[in-house]
1. Are any residues in the range B:133-151 of a type outside the set (Gly, Ala, Ser), more than 30 Å from C:Thr129 (Cα to Cα) and under 19 Å from the mean Cα position of the chain (by Cα), and if so, which ones?
2. Every residue in the range F:129-147 that is within 13 Å of chain E (Cβ to nearest Cβ) and under 22 Å from E:Glu126 (Cα atoms), please.
3. Condition first: crowded, with 24+ Cβ neighbours inside 10 Å, farther than 22 Å from C:Ala151 by Cβ and either of a type in the set (A, V, I, L, M) or more than 8 Å from every other protein chain (Cβ to nearest Cβ) (or both). Now tell me which residues in the range C:170-199 satisfy that.
4. Tell me which residues, restricted to the range E:205-250, are within 14 Å of E:Glu87 (Cα to Cα), more than 8 Å from every other protein chain (Cβ to nearest Cβ) and assigned to a helix (DSSP H, G or I).
5. Within the range F:38-46, is even one residue over 21 Å from F:His131 (Cβ atoms) and free of Cβ contacts under 8 Å to residues at least 12 places away in the same chain?
6. Can you work out which of the residues in the range D:21-42 that are touching a helix residue (DSSP H, G or I) at 6+ places or on another chain (Cβ under 6 Å) and within 14 Å of chain B (Cβ to nearest Cβ) is farthest from B:Leu62 (Cα to Cα)?
7. D:Ile53 - would you say it is surrounded by fewer than 24 Cβ atoms within 10 Å (Cβ to Cβ), free of Cβ contacts under 8 Å to residues at least 60 places away in the same chain and either closer than 26 Å to B:Arg48 by Cβ or not assigned by TED's automatic domain parsing to the domain that holds D:Pro122 (or both)?
8. Would you say A:Asp159 is away from chain B (no Cβ under 12 Å), charged (D, E, K, R) and either in contact with a strand residue (DSSP E or B) (Cβ under 7 Å, 6 or more places away or on another chain) or surrounded by fewer than 24 Cβ atoms within 10 Å (Cβ to Cβ) (or both)?
Protein chains: 6
Amino acid sequence: MTRILLLNPNTSASVTERMMVVARKSATPGTEVIGHTVTRGVPYIATRAEAVIGGAVALEALAERAGEFDAAIIAAFGDPGLSGARELLDVPVIGLAEAGLLTACMLGHRFSVVSFSTALGPWYRECVTAHGLASRLASIRLLDGPFRSIAEVPEEKADLLVRLAQKAVEEDGADVIVLAGAPLAGLAGAVKHLVPVPVIECTAAAVRQAELLVGLDPAKARAGSFARPEPKTSIGLPPPLARLLATAGDDMSTVSN
Amino acid sequence: MTRILLLNPNTSASVTERMMVVARKSATPGTEVIGHTVTRGVPYIATRAEAVIGGAVALEALAERAGEFDAAIIAAFGDPGLSGARELLDVPVIGLAEAGLLTACMLGHRFSVVSFSTALGPWYRECVTAHGLASRLASIRLLDGPFRSIAEVPEEKADLLVRLAQKAVEEDGADVIVLAGAPLAGLAGAVKHLVPVPVIECTAAAVRQAELLVGLDPAKARAGSFARPEPKTSIGLPPPLARLLATAGDDMSTVSN
Amino acid sequence: MTRILLLNPNTSASVTERMMVVARKSATPGTEVIGHTVTRGVPYIATRAEAVIGGAVALEALAERAGEFDAAIIAAFGDPGLSGARELLDVPVIGLAEAGLLTACMLGHRFSVVSFSTALGPWYRECVTAHGLASRLASIRLLDGPFRSIAEVPEEKADLLVRLAQKAVEEDGADVIVLAGAPLAGLAGAVKHLVPVPVIECTAAAVRQAELLVGLDPAKARAGSFARPEPKTSIGLPPPLARLLATAGDDMSTVSN
Amino acid sequence: MTRILLLNPNTSASVTERMMVVARKSATPGTEVIGHTVTRGVPYIATRAEAVIGGAVALEALAERAGEFDAAIIAAFGDPGLSGARELLDVPVIGLAEAGLLTACMLGHRFSVVSFSTALGPWYRECVTAHGLASRLASIRLLDGPFRSIAEVPEEKADLLVRLAQKAVEEDGADVIVLAGAPLAGLAGAVKHLVPVPVIECTAAAVRQAELLVGLDPAKARAGSFARPEPKTSIGLPPPLARLLATAGDDMSTVSN
Amino acid sequence: MTRILLLNPNTSASVTERMMVVARKSATPGTEVIGHTVTRGVPYIATRAEAVIGGAVALEALAERAGEFDAAIIAAFGDPGLSGARELLDVPVIGLAEAGLLTACMLGHRFSVVSFSTALGPWYRECVTAHGLASRLASIRLLDGPFRSIAEVPEEKADLLVRLAQKAVEEDGADVIVLAGAPLAGLAGAVKHLVPVPVIECTAAAVRQAELLVGLDPAKARAGSFARPEPKTSIGLPPPLARLLATAGDDMSTVSN
Amino acid sequence: MTRILLLNPNTSASVTERMMVVARKSATPGTEVIGHTVTRGVPYIATRAEAVIGGAVALEALAERAGEFDAAIIAAFGDPGLSGARELLDVPVIGLAEAGLLTACMLGHRFSVVSFSTALGPWYRECVTAHGLASRLASIRLLDGPFRSIAEVPEEKADLLVRLAQKAVEEDGADVIVLAGAPLAGLAGAVKHLVPVPVIECTAAAVRQAELLVGLDPAKARAGSFARPEPKTSIGLPPPLARLLATAGDDMSTVSN
């Protein structure tokens, strides 16, 4: 049995549940996906400031659940805390954006990121750049109106998002569309027949990539920049995270497995 | 049942068989991997000229076998013919290098490519660049001595390759090692405990990524640069490839399924 | 009177005090530098994971002290939380690395970053890249031995760091040396005569750049990606940060001045 | 007497003839241009798949004619097989795009590529990038309607192409226009007075650059990535190409001169 | 007393005077700004050819005034002669563009350059690129109509420039606006309330950055690419420049202090 | 008869003569190469400061000789004043570095620049970058000892330069060697048999490329960034340059032909 933690660094349980519907459907037999909604932070991360907070909260949650999963997904497009989590944990951790973007790379040369709020633009662009994939980005296309509820964005905005995706193909040269943002989970399946290029469902991609990484059974880095950091004392952090930081790589098993 | 064609664009059946051992072991239940060794070309592609030939031969083989598989792997690091194949076929096609490199991206920030012959260097570097991943390449490290037989490189060179990988970690800042080249299939599993960072087995990564793409069930592009080319008559090409080129996207089902 | 908050996102008060010695000496008359050591986190940030935590803690501290300063310095090389802080606050915020690197750009074409621990390398490299300055980076040179105490690194390591800086000039083509890391505050002044190119004291550069920004009196962005985020409710965050997130840009004055 | 092989990797003899008219006019006295239309492949290459095939066919043709020329032009914009040919042959080989783009670099800083079919866009863009010239590309502008006959595109589309070129100057900042695509041979001369910046005739540029390279009498690389590949046996390739692959660099004279 | 030479490499005294008004207001107490208008060259530099001339004239003027200042500003956006001046002089030299662009980097992630003549575009773009800041450039927006007098551009064009700046924010994603060009000195202060992001006054930024560099008291490079060039005899140059070129770095004090 | 001005922006007539020997030998029948040594400036340009001066002097000389040539070569590697000259003149102008580098691109993928003085490094690197060719640069290799006379560098340093070139091939991956610097004119022919990759003689390449451009008969740009600048009055410039700047593009013929 492969256990995958789907960690939503937003506090919106409804969004977690939406992703869990897709995750359960996408997982192959023998995989259990465990949803986790953080209990600190904001309902949905949309800016750099919120991503900073969400990154730290994600590390806290991963430390708290360490030992309960074989791989983890940081389930917010933008991947808050991803590199840090990859250092700290001894199991694979992947980001929702990372999984979606790398999967898109196998279906075309240039992808467009389509989402529901202009506020997300700079954070998403910096995320694509941080992954070193800027040369494969055709465009980021975002809706600019308000939305009623973060829980029901796909229902409210499906038509407009499809139109954006079509424009990205027609005008920006997109070979693939990445529907970005945890709240859009499930939308790709519903609209893919309306878009003339492959449409990536990031949640499904992330679950499958997490399974793939578990299947490859990579060793935890013992050198290089993703080896466990030197043990450190800390002040004022939640005990599980403090313990994880205080533990040397050699003793990892006692902490996280 | 998911059928994956593992297409070796080299004429060395022994190398295909080596990859098939890994492929069968890596595939999840319900997947059949079909090995195919091309019958035109060179025993192993090592230069740009040979890659040009191998790319065309790969297209011929894919056309010949079209309809027999749900996804195909172009199983030579360097991915000869990959973009062209992705245009022509209506099922996912991925490259051995592409699968290895993108998988490496999920296990660290910078990877080194390690292989057995300096002749491969320029082709591999141009491959990494063509995938837009140059910013994530820590180094390419290659052995420079001759080898006895392409069929037994891993047995002959394991120790030297491990030493190269260790140097890539120590001196080049590699977070992940990609053991590159079809003839090295199977080596990663044998030596991963000797290298202090994750070591990518490209054949396993490719089989799993192919399964993943089939699982996501992406639509064939009907627009953008990976839509089927306009039908064209041709001269002197093998009949299956000529038929594939002559067929419009709308009629694909009659050709390739 | 210009008030500048020198915010140390590490918990080491001794490091803050070391920076404050330099800051007081560098500040022009009419500037008051206020030191602040965070009370959550690790003694010194050296990895991506610690930077994620330090970034969130920095935002908490900035929110707590909002209204007490005309500009803030995030005083850890690596600039944890910088972009987020720049969104949230209505006064200028600059990073220790940012100030040092941009100042170096005015004294030569390529700079080398020199510091005391190899662990810092990846984080520093990603920081330079995130600032868009990778093309001006000649090298990062780091000591690889252990150190006795974070409070006394400059005394212990001065000779070795000077030798590294000299090598960066001789072998890497550095036109300027950036002595990086809060614990090295004060070292540049002590060793600059031993290095044949300009040596940047980041703390001094940061204090002066903060004064400069206050002097230019830039308007807070009301549009673009550094405008205040839309107000948001949050859960479990320290009250000052929660209030700051909950406040619209239009009402900023009531929160932060 | 300098003999230049103008090798059209498309099967359209009419296009070869069109290029030959320009080539004969451009060649300086003492140069004989030999036209060669391939007898395998497609009438005109427009996609990556067709370029893969055309690249291999180009190598076959070059091997077949080896010894008959002092330099060769791969006369399709996109330069299929160019790097491979440069490895294999002991005389200079240049591409139609390469010659046009590099010549354009000497007449301005940024160039636009103008051609007659949107299908060509991705292939052309990847060609410019592969030559390392993306930073000098102002734009690619392409007509999107159908055309009656590949043999008469210039006559049919001249006005529209001129308008595109003018727009590239006015809106994209082009300093030079590269009229791209073998079928457009001869058009530059006819329309250059209608475009307010230099217009490159690629066929003329290629003939002249080929003459220039012959004149410089460069040694064939005996090291580096364009030295002759190690001799290799092959299966199923046309005999001249098989012989060329089977011949070591030291014995080249017996094969190709 | 800190003496800063504001060197206008244009021959327009009225533009120097406009900058001096801003410079005097921006300088902190204890700074004397010395205006200098060159007596050779063109009234305002707008093209690469004029910048080449202006660069040489700037070196002549700096040599002539050497010893009278503690830092110099090359006060034309485009920074003609900047790198050369930095080699030759033993005090800091900064460019008007350099100061504006680097200061903008501390107030947002991407900046737009806004100015009054389309002729300036290529020169400005090449300047941003030469400083290694192209990845932070959102756009260059330029007015395209004629202007009545170089001395009164701000009065004549303020409304149009504000509109351009607003468009750069709305359409190009600018976080900061850099009002570029010596003739626009003083405009930023007058219009900053009309633009919803920070607007950089380059003259003020340059004066303040010059003060900052003097305050940091950097050593003149004795190695690296900004050390004094080897002494050289010359022909036909103005005596002060000839003397400066003829003087070794070790004897600099006798020349320039 | 094609007249090519070989303009040496250094004051060393011996270097001009050395280039003229190569130029006369390289030129095709019907070409007259006219040597011109400037009478202002330094004996050989080696730094950015000297390049600034040399650029302006080059414009003066081109203006003085305008009307006497069909194309001009700025015959110093580094190409001082090239872009400006290209704006001002109505005939093609090319740089010695530009010609050498672009020609090298047709003979391999990556080139190394080899020259005789470390002082030249930064200027040469910035030249390669300014031409947009940094991705094709394998390395710059420079001798670091002193030399007896600029007129006899090739005789004195041939062996050392050959060794550098060999190292560039062996260690840096150079496919082509560019022997850089006007004083090295003629060396390539003498040593090419000692270097296992093509060696570019820049003077020959420049003469041939100049002939090629004349042969293509490109129109002078009437739009874009290389159109003639708007006419401008100037002060204190040599009369021919002042006249050229004062003349509108429409009246060019009266000035320069």
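1. Residue satisfying the conditions is B:Ile150 alone.
2. Hits for the range F:129-147 are F:Thr129, F:Ala130, F:His131, F:Gly132, F:Ala134.
3. Result: C:Ala174, C:Val176, C:Ile177, C:Val195, C:Val197.
4. Of everything in the range E:205-250, those that are within 14 Å of E:Glu87 (Cα to Cα), more than 8 Å from every other protein chain (Cβ to nearest Cβ) and assigned to a helix (DSSP H, G or I) turn out to be E:Leu244, E:Ala246, E:Gly249, E:Asp250.
5. no
6. D:Thr37
7. It is false that D:Ile53 is surrounded by fewer than 24 Cβ atoms within 10 Å (Cβ to Cβ), free of Cβ contacts under 8 Å to residues at least 60 places away in the same chain and either closer than 26 Å to B:Arg48 by Cβ or not assigned by TED's automatic domain parsing to the domain that holds D:Pro122 (or both).
8. yes
The values are calculated or read from the model by the stated rules, or taken from the named source; none is laboratory data. Just so you know, these numbers come straight off a predicted model, no measurement behind them. Every residue, glycine as well, gets a Cβ built from its backbone with ideal geometry; the counts of neighbours run over all protein chains shown.
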